[in-house]
Amino acid sequence: MAVFLADEQDLDVDADDLVALARHVLRAQRVPEDMELALLLVDETTIAGLNAQHMGKDGTTDVLAFPIDAPGEAPPDAPAVLGDVVVCPAVAHAQAAGLGRTPAEEIRLLTVHGILHLLGMDHADPDEERAMFGLTDDLLASYAAEG
């Protein structure tokens, strides 16, 4: 599976680790091998603009997910693109300590969170939230165990 990463911000981020994590999540969730995923690391101005344009919300956020194709949905002669996960490392850095995580751990969590949104998970009600955050923790733990 192809995972593309574009780093369009100034903070130091381990891009190779995020790509490996994304591949791990896609494999663990049995996403077809031909699906593509884009990870975009952006600054606060960019994520605030995307948040306003696509979510109708003012200000920055930590992660946004833009689904394109559901697994098995793309026509056979077209690329299968799961979607884009946009993470703002500056926001992740700012909120990490208050959540008891390092900035790198927070960026990993946000990456998994965004991918799960692309796969149709949500956290709108308490049951969905428990399921999504539990799976996030499981995926992060299994990734750490691989390394």
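The values are calculated or read from the model by the stated rules, or taken from the named source; none is laboratory data. This one's a predicted model, so the numbers in the text were calculated from it and none came from an experiment. When we count neighbours, we look across all protein chains shown, and the Cβ atoms used for this are built from the backbone with ideal geometry, even at glycine.
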Problem set entry | Near pairs, Cβ below 7 angstrom, 6+ apart or cross-chain, from the stretch 108-122 (under 17 Å from PHE4 (Cα atoms)) to any residue that is of a type in the set (Gly, Ala, Ser) and surrounded by fewer than 22 Cβ atoms within 10 Å (Cβ to Cβ) | GLY114/ALA65; LEU118/ALA65; LEU118/GLY83
For this session: Return yes when ILE68 is farther than 16 Å from MET121 by Cα and either buried (at least 17 other Cβ atoms within 10 Å of the Cβ) or of a type in the set (Phe, Trp, Tyr) (or both) and no when it is not.
Result: no
Exercise. Name the pairs whose Cβ atoms lie under 8 Å apart, with the first residue in the stretch 70-84 and at positive phi, the second surrounded by 12 or more Cβ atoms within 10 Å (Cβ to Cβ) and assigned to a strand (DSSP E or B), and 6 or more positions between them or separate chains?
Worked result: GLY83/LEU37; GLY83/ALA38; GLY83/ALA65; GLY83/PHE66; GLY83/PRO67
Problem set entry | Top-ranked residue of the stretch 1-16 - restricted to ones that are closer than 20 Å to THR46 by Cα, in contact with a strand residue (DSSP E or B) (Cβ under 7 Å, 6 or more places away or on another chain) and free of Cβ contacts under 8 Å to residues at least 60 places away in the same chain, ranked as surrounded by the fewest Cβ atoms within 10 Å (Cβ to Cβ) | GLU8
Exercise. Among the candidates VAL31, VAL81, which residue alone is under 16 Å from the mean Cα position of the chain (by Cα), at pLDDT below 95 and not in a loop (DSSP other than H, G, I, E, B)?
Worked result: VAL81
